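Chemist: Below is a structure I'd like to ask you about.
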Amino acid sequence: MATRCEYATNCLPIVSVAAEASGDNMAFNTISYEIQRNLSGNGSIDCDFATVYGFNNGAVAYQNGATSGGSILYPFTGSTFKIVHIKHTGYIYSSATVLGASSTDNLIVYLKKTSDATLVAFATLSPGGSLIIPIGTGVDFSDVNIGFRSSSATNTIAVEVMATT
């Protein structure tokens, strides 16, 4: 049996329909007419777990998503990692092992090209949201760093990160 990381994604497009003032119908949510289905997928990436970032013996080491005016945290370069998982915990950063108060701020995720410092914000995670970047083999990430910071000018965010080879 091969060592691997299995992952899955899911997106359910919802439309909210307001109640009519006359009271003829109640407010309700339904699946988008344009899409008409749940969008999902899954995959598997071979990993050897020789290097694991963000966890040690099952314990998470929360990362500090700095305030919007602060520095973007680039905890690692992606060149040797096969898969990266980034999760907005829904809490303010307190320490690597302790979560702070709950947070309603978003986490902005960036890609930075190290050779010329080109910076691209490519994802916004709301509290509890996460993303997976399956790098695998055959993708050259040697010139790319993955980073993040809070959308707030005053609150940091505790971020759960897992990256492995």
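Chemist: Scan the stretch 151-162 for residues that are assigned to a strand (DSSP E or B) and more than 17 Å from Lys112 (Cβ to Cβ) and jot them down.
Modeler: Ile157, Ala158, Glu160, Met162
Chemist: Among the residues of the stretch 147-156, is any among the hydroxyl-bearing types (Ser, Thr, Tyr), under 20 Å from Phe55 (Cα atoms), more than 12 Å from the chain's Cα centre (by Cα) and exposed (fewer than 14 other Cβ atoms within 10 Å of the Cβ)?
Modeler: No, that holds for no residue.
Chemist: Taking the condition in a strand (DSSP E or B) and of a type in the set (Ser, Thr, Tyr), does Thr80 pass? Don't jump to the end; show me each part of the working.
Modeler: Numbers: in a strand (DSSP E or B): no; of a type in the set (Ser, Thr, Tyr): yes.
No: the conditions fail for Thr80.
Chemist: Now a separate question. Just one of (1) in the same structural domain as Asp140 (by TED's automatic domain parsing); (2) surrounded by fewer than 18 Cβ atoms within 10 Å (Cβ to Cβ) trips up Asn29, so point out which.
Modeler: Every listed condition holds for Asn29 apart from (1).
Chemist: Still on this structure: Show the residue pairs that are 6+ apart or on different chains and have beta-carbon atoms under 6 Å apart, the first residue being within the stretch 1-26 and of a type in the set (D, E, K, R), the second being assigned to a strand (DSSP E or B).
Modeler: Listed by first residue and then by second, the contacts come to Arg4/Ser44; Arg4/Asp46; Glu6/Ser44.
Chemist: State yes or no: is Thr124 surrounded by fewer than 16 Cβ atoms within 10 Å (Cβ to Cβ), in a strand (DSSP E or B) and hydroxyl-bearing (Ser, Thr, Tyr)?
Modeler: yes
Residue by residue, here is whether (1) closer than 24 Å to Gly129 by Cβ; (2) among the polar types (S, T, N, Q); (3) out of contact with any Asp or Glu (no Cβ under 7 Å at 6 or more places or on another chain) holds:
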| site | (1), (2), (3) |
| --- | --- |
| Glu6 | yes, no, yes |
| Thr9 | yes, yes, yes |
| Pro13 | yes, no, yes |
| Ser16 | yes, yes, yes |
| Glu20 | no, no, yes |
| Asn25 | no, yes, yes |
| Tyr33 | no, no, yes |
| Gly43 | yes, no, yes |
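Chemist: Mind telling me which of the residues Phe148, Phe141 ends up being at pLDDT below 90, in a loop (DSSP other than H, G, I, E, B), touching a strand residue (DSSP E or B) at 6+ places or on another chain (Cβ under 9 Å) and hydrophobic (A, V, I, L, M, F, W, C)?
Modeler: Result: Phe141 is the single residue among Phe148, Phe141 that is at pLDDT below 90, in a loop (DSSP other than H, G, I, E, B), touching a strand residue (DSSP E or B) at 6+ places or on another chain (Cβ under 9 Å) and hydrophobic (A, V, I, L, M, F, W, C).
Chemist: Scan the stretch 1-46 for residues that are at pLDDT below 90 and either of a type in the set (Ser, Thr, Tyr) or assigned to a strand (DSSP E or B) (or both) and jot them down.
Modeler: Passing the criteria: only Ser22.
Chemist: Cβ-Cβ distance below 7 Å, separation of 6 or more or different chains: which pairs start in the stretch 127-139 with a residue that is in the same structural domain as Thr80 (by TED's automatic domain parsing) and more than 11 Å from Thr165 (Cα to Cα) and end on one that is in a loop (DSSP other than H, G, I, E, B) and polar (S, T, N, Q)?
Modeler: Every condition considered, the pairs that remain are Pro127/Ser103; Pro127/Thr104.
Chemist: Would you please list the contacts, defined by Cβ atoms under 7 Å and residues six or more apart or on different chains, that run from a residue in the stretch 50-64 that is free of Cβ contacts under 8 Å to residues at least 40 places away in the same chain to a residue that is small (Gly, Ala, Ser) and in a loop (DSSP other than H, G, I, E, B)?
Modeler: Ala61/Gly54; Ala61/Ala96
The values are calculated or read from the model by the stated rules, or taken from the named source; none is laboratory data. Keep in mind it's a predicted model, so treat the numbers as computed, not measured. Don't worry about glycine lacking a Cβ; one is built from the backbone with ideal geometry, like all the others, and counts go over all protein chains shown.
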